[in-house]
Structure formats: C-alpha cells, structure tokens
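Asker: Below you will find the structure I want to go over with you.
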Amino acid sequence: MADAKVVSPHEILVDGALPADATAIRLVRSADADIPLAVVSVKPAAQANSFVLTTAETLNKQDHYQLTAKGVDQAWEIAPSPLTMVISVIIGSALINNFVFTRYLGLCVFFGVSRNKDTAIGMGVTFTIVGLLSGMIAWALNTIALEPLKLEFMQIIAFIGIVACLVQATDLILKKVNPILHKKFGIYLVLITTNCIILAVPLLNATNGATFLQAFGLALGAGLGFAIALFLMSCAIEKVNMAPVPAIFRGLPIAFIIAGLFALSFLGFSGLKVA
Amino acid sequence: MSANRPPPPISTMLMRGLFEENPIFRLALSLCPAVAVTTSVKNGLMLGCAVLVVQVLSSMSGSLVKHVINPKIRIPVFTLIIAIWVSAMDMILAAYFADIYQQVGLYVKLIVAFAIIISRMELFSMKHSVVPSFWDGLGMGLGFLVGLVLAGAFRELLGNGSIFGIAVLPFKPLLLVVLPAGGFFTIGLIMALFNWVDVKRGHKLPSGGGGAHG
C-alpha cells in the first residue's frame, strides 16, 4: 500500500501516480465510507511521482481516510501516526473527558482521599500504575479470548475478576519486594478495588472496539486525569478546612459544591483540539 | 458461622434505607450514578430500579450461601454474586429498554462496583436469614431509588422545565443544573438539606456531614 498523509487542513500528499482529473478521484472518511469528500484539484508535488490533493472540506489529522482513483489499480489508506493518536487519546481522556469531572466516575474514592495533598498524590500514583496494568490485561483478555469465543456477556465478571486478582497480586508482590513502598502505598491498593474508573476503562475499550494503542491511551489518560482531579481537589479542600463554612454544609456538601466548580472549569477543555 | 440473629422489625429495615442511612445522601456511597444519570427522572428511575433489583437479589443470595462459603473468601464470592446479577440485569435492560440503556448503559454495568450493595451483604445478609435480607435489601434499594428520582426531578425541573419529559414550565429556569457540573451542585445541596432537616429535628449532625466512606 502506497503512502499518503494529511499535510494541512485542506491538503493530502500522495505518493504514486494519480489521474489529473479531480472528479476521477474518490476520497472517503473510513468511518462513513458512503459519503465521498469533494476533491478540488490535483497538482504534482515538489517531489517526483507524488501529488497534492486539495479538498473543499477541512481534514482532520487524527481521522482515517481511504483514497481510490479511476483507472489506477491502487488504494491509499490515510491513518494518523500512532504517536499522535496515543497523545490525543491521553489528552482526551485526562482533560477533555476527565473521568471525575465530566464522566462522574470514581467519586467515592475521590471524595474519600482528597482530604490532604499527600494522600492525594499517593492514591493518584498508585491508581495510574494499577489502572494501566489492569486496563491492558483486560484489553488483551477481551481481544484474545472473549471476543473470538463470543463470550462478551462474561465481560463484567471477567473484568472485575482481573481487577481483584491484580490488586491482590500487586499487594503481595510489593510486600515481598519492597516493604517500604508497600507501607506507603499499600492502603491505596486496597481502595482501588472500589474505584469504578478501573472497571469503566476496560468496559469503554470493549464497547468502542479499541486498538492496542487506543486502549493504552485511555488507560493512561484515565489514571492521569484521576490523579490531576485528586490533586486539585485536595489543594482546595485544605484551604476550605480553614474557612468558616455553614454547619449544614460542612464536610461532603461543600466538597460537592467545590467539585461542581471544578467541573465547570473543566468544561473549558471541551474546546481543546489536538492538532 | 454464627447463627442467624433475630431480625429487626420490617418497618425499621425499610425506613432505615430511606432516611437515616440513605445510601446516597447519608452514607455517601455509590455517588457516581447519583451525579451522572440524574439529568432526568426517567434515567434516575431506571437505574434506581436496576440497583433495587440487584440489591434485593444479591442480599438474598448472599444470605442463602453464607453457611457454605469460607469467611476468608467471602468478599470475592460476594463480588461474583453481584457480577452475575448485574450481567443478567444488563442484558434485560439492553433488550427491553434500548433507548434509555443507550444513555445509562455504562452505569448499569458499573453497578457491580457499587459499595452499597456489597456493604449490605457484609453487614446484614451475613448475619440474617433470607426473608429479613429481602426486606433490608428492599429498604436500601428504595432509598437509592428515591435519592436518584429526587435528584433527577430537581435537575429536570430546573434545567429543562419538565418532569418525565412532559413540559410543565414554559421556560428553562436554570440550564446550569443539567450540565455536567450541575450534578455535583444538586447532590451537595440535597445533602445539605438532609443535614438541615436533621438539625430541625433536634439531632446532632453526624461528624463530617455525612462522612465519606470509600
């Protein structure tokens, strides 16, 4: 398959021979292959044997496109580079669709351990590592075993089993290998089992039919997003603890209001686009 | 295993879940769905019913098998029991209520990680027989259902000016409350309301205003 890539919002650089007639070229987005995108012009590029396509519609570097031409026995597949895709998935799940503030997951643990910065950091680090591991193991199990065997109905049971086993195993290994680290982070390990984000990541991956890299990005982004949310919240809570809060709002009610304010400000990320 | 304890009266078991130990506003357990799916009464009602059914069935099955399982592995066994009922519930909802399931599907699957269900199995079903476990599960499930419907009604009325999708107000008073952030504000305000009612009834506030369990 020949090489082709999106070079600017309206241009595609194509390696190989193309007819000069723009109407003979068919360009579609892989997601909806029935709708051809209008090609305005075909011009030879600076390099030999390559062409620049100009399109009317704005192209997205993260999208997948397919290119065919009449009379040419060749097809081009335009895919984003793996690194771009991973980074965009990570930023998407950590900031734009933050698991705590826009998907409202993991709230029990979130409100439980955001009382001071040290515990927030400890939980954030532990969760990111364990979440990444369990996300990848669950993805592998789902792709290798559950989907080919048509056992999708077992997903919930299988994923919760993976999380429980992984947490238990990490706890045991850490205790043997590095008791000091275990003393510091062991308590957070136990709490992870009750965090629904760790279960939501494999379920989302399975529903979206994620590739290895997308699954990796989502698992890492979810952990980072949770860690960021925890840290921000713990900073705010430490300040509020010194403020005169009305008695009926003390404790959780005020924590919810603060979380609401954070959620409002995270709405600002919805305009963020990764180029 | 210890023998079954005499159960408290049915009314106590039912009312406890509704107010004194309301899973959402008092125990602050299983908060994710309370914030996430309560943009309308319908969504809240559906998830509430799902939790109610899973809670009752899990409590009863936990009570049935408690003499057979080794206490050391009771938590994994309980998790497995819940996962089985949640899978069944998930398939039923996906088949019969496809339109609402599209919006709340992920949260239905995540019922398996709800702390409230396993904590009732651990605290109540382990010590009581099947029938009291049924009533306890029903009380807690109803408390959860009422909490979700209450928050859903509040948000739908203020945010969309409607109840159950039927327009009752000619305008949208406060669009903010159906936005993602609004869920947090709503739950915070209702929690404060529960505290306020408690103060009016002459109770002392629980430390930390509801406490924050894992």
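Asker: Taking a threshold of 24 Å on the Cα-Cα distance, which of the pairs A:K175/B:K127; B:K109/B:K172; A:K117/B:K200; A:K117/A:K183 fall above it?
Answerer: A:K175/B:K127; B:K109/B:K172; A:K117/B:K200
Asker: Here is a further query. Once you charge only the Cβ atoms, +1 for Lys and Arg and -1 for Asp and Glu, what is the size of the charge dipole of the range A:139-275 about its Cα centre, to the nearest 20 debye?
Answerer: 360 debye
Asker: Which residue fluctuates most in the GNM of chain A (Cα springs below 10 Å): A:M233, A:M85, A:M242?
Answerer: In this elastic network of chain A, the residue with the biggest mean-square fluctuation among A:M233, A:M85, A:M242 is A:M242.
Asker: Which whole-number percent gives the relative contact order of the range A:83-271, counting Cα pairs below 8 Å spaced six or more residues apart?
Answerer: On the way: 208 pairs, mean separation 84.1, N = 189.
Relative contact order here is 44 percent.
Asker: At q = 0.09, 0.10 Å⁻¹, work out log10 I(q)/I(0) for the protein assembly as shown with the Debye formula, treating every Cα as an identical point scatterer and leaving solvent out; two decimals please.
Answerer: Taking Cα atoms of the protein assembly as shown as identical point scatterers yields -0.70, -0.84.
Asker: Among B:Y96, A:Y188, A:Y104, A:Y65, what is the fewest-to-most ranking by other Cβ atoms within 10 Å? Don't skip to the answer; put the middle values down first.
Answerer: Details: B:Y96 9, A:Y188 19, A:Y104 26, A:Y65 23.
With the sparsest Cβ surroundings first, the list reads B:Y96, A:Y188, A:Y65, A:Y104.
Asker: Which value results for Rg/Rh of the range A:144-230 when Rg is the Cα radius of gyration and Rh the Kirkwood radius based on the inverse mean 1/r?
Answerer: On the way: Rg = 14.7 Å, Rh = 14.4 Å.
Taking Rh as the inverse mean 1/r over Cα pairs, Rg/Rh reads 1.02.
Asker: Over chain B, with a Gaussian network built from C-alpha contacts below 10 Å, which listed residue (B:T186, B:T38, B:T79) shows the highest mean-square fluctuation?
Answerer: Highest fluctuation among the options: B:T79.
Asker: While we're on this one: Charges at C-beta only: +1 for Lys and Arg, -1 for Asp and Glu. How large is the resulting dipole of chain B about its Cα centre, in Debye rounded to 20?
Answerer: Here chain B has a charge dipole of around 420 debye.
Asker: Angle check, please: helix A:212-240 long axis (alpha carbons) against the longest principal axis of chain A (alpha carbons), in degrees 0 to 90, nearest 10.
Answerer: The helix A:212-240 is inclined about 40 degrees to chain A.
Asker: Charges on Cβ only, +1 for Lys and Arg, -1 for Asp and Glu, centred on the Cα centroid of chain A; of A:A247, A:I173, A:N142, which one is farthest towards the dipole's positive end?
Answerer: A:A247
Asker: Just add up the charged neighbours of B:S129: K/R +1, D/E -1, any other residue whose Cβ is under 10 Å from the Cβ of B:S129.
Answerer: Once positives and negatives cancel, what remains is +3.
Asker: Continuing with the same structure: Per residue of A:260-267, how many C-beta atoms from partner chains lie within 10 Å of its own C-beta, taken as a mean?
Answerer: That average works out to 5.
Asker: If I model a spin label as a point 7 Å beyond the Cα along the Cα-Cβ vector, how far apart are those points for A:T211 and B:T12 in nm?
Answerer: 6.1 nm
Asker: Please report, in debye to the nearest 20, how large the charge dipole of the range A:4-80 is about its Cα centre when each Lys and Arg carries +1 at its beta carbon and each Asp and Glu carries -1 there.
Answerer: Charge dipole, the range A:4-80, about its Cα centre: 140 debye, nearest 20.
Asker: Right, another one. Per the Debye formula with a single identical scatterer at each Cα and no solvent contribution, what log10 I(q)/I(0) holds for the range B:14-87 at q = 0.20 Å⁻¹?
Answerer: At q = 0.20 Å⁻¹ the computed log10 ratios are -1.01.
Asker: With the cut-off at 1.5 for a/c, could you classify the range B:10-152 from its C-alpha gyration tensor as rounded, prolate or oblate?
Answerer: oblate
Asker: Something else now. So for chain A, Kirkwood radius off the Cα pairs, Stokes-Einstein at 37 °C and 0.692 mPa s: how many µm² s⁻¹?
Answerer: 152 µm²/s
Asker: Quick one: work out Rg over Rh on the C-alpha atoms of the range A:4-80, Rh as Kirkwood radius.
Answerer: On the way: Rg = 11.1 Å, Rh = 12.2 Å.
Rg/Rh for the range A:4-80 comes to 0.91.
Asker: Per residue of the range A:153-160, in order, report the coupling 6.51 cos²θ - 1.76 cosθ + 1.60 (Karplus, θ = phi - 60°) as ³J(HN,Hα) in whole Hz, putting x for Gly and Pro.
Answerer: Values per residue, Gly and Pro as x: 5, 8, 3, 4, 5, 5, 5, 5 Hz.
Asker: How much mean residue ellipticity at 222 nm does the protein assembly as shown get from its helices, if each DSSP H run of length 4 or more adds -39500 (n - 2.57) and you divide by all residues, to the nearest 500 deg cm²/dmol? Write down the numbers at each step before the final one.
Answerer: Values: 16 runs with 268 residues, N = 489.
Value at 222 nm, helices only: -18500 deg cm²/dmol.
Asker: List the relative contact order of the range B:10-152 as a percent without decimals, with contacts defined as Cα pairs under 8 Å and 6+ residues apart. List each step's numbers first, then the result.
Answerer: Numbers: 201 pairs, mean separation 73.9, N = 143.
Relative contact order for the range B:10-152 comes out at 52 percent.
Asker: Taking chain A as a Gaussian network, where each spring joins two C-alpha atoms under 10 Å apart, which residue of A:I257, A:I121, A:I90 fluctuates the most?
Answerer: Its mean-square fluctuation being the largest, the pick is A:I257.
Asker: Excluding the sites themselves, what is the longest stretch of chain A that contains no trypsin sites (Lys or Arg not before Pro) in a DSSP loop with at most 16 other C-beta atoms within 10 Å?
Answerer: A:151-272
Asker: May I pose another question? Once you keep just the Cα pairs under 8 angstrom separated by 6 or more residues, what percentage relative contact order results for the range A:166-275?
Answerer: Here the relative contact order equals 15 percent.
Asker: Right, next: At q = 0.09, 0.18, 0.19 Å⁻¹, what log₁₀ I(q)/I(0) does the range A:125-275 have when each alpha carbon counts as one equal point scatterer in the Debye sum?
Answerer: Ignoring solvent entirely, the Cα scatterers give -0.39, -1.11, -1.15.
Here, each number is a calculation from the coordinates, and none is a lab measurement. Bear in mind that the values here come from a model prediction, so they are computed numbers and not experimental data. No Cβ is skipped: glycine too gets one built from the backbone with ideal geometry, and neighbour counts run over all protein chains shown.
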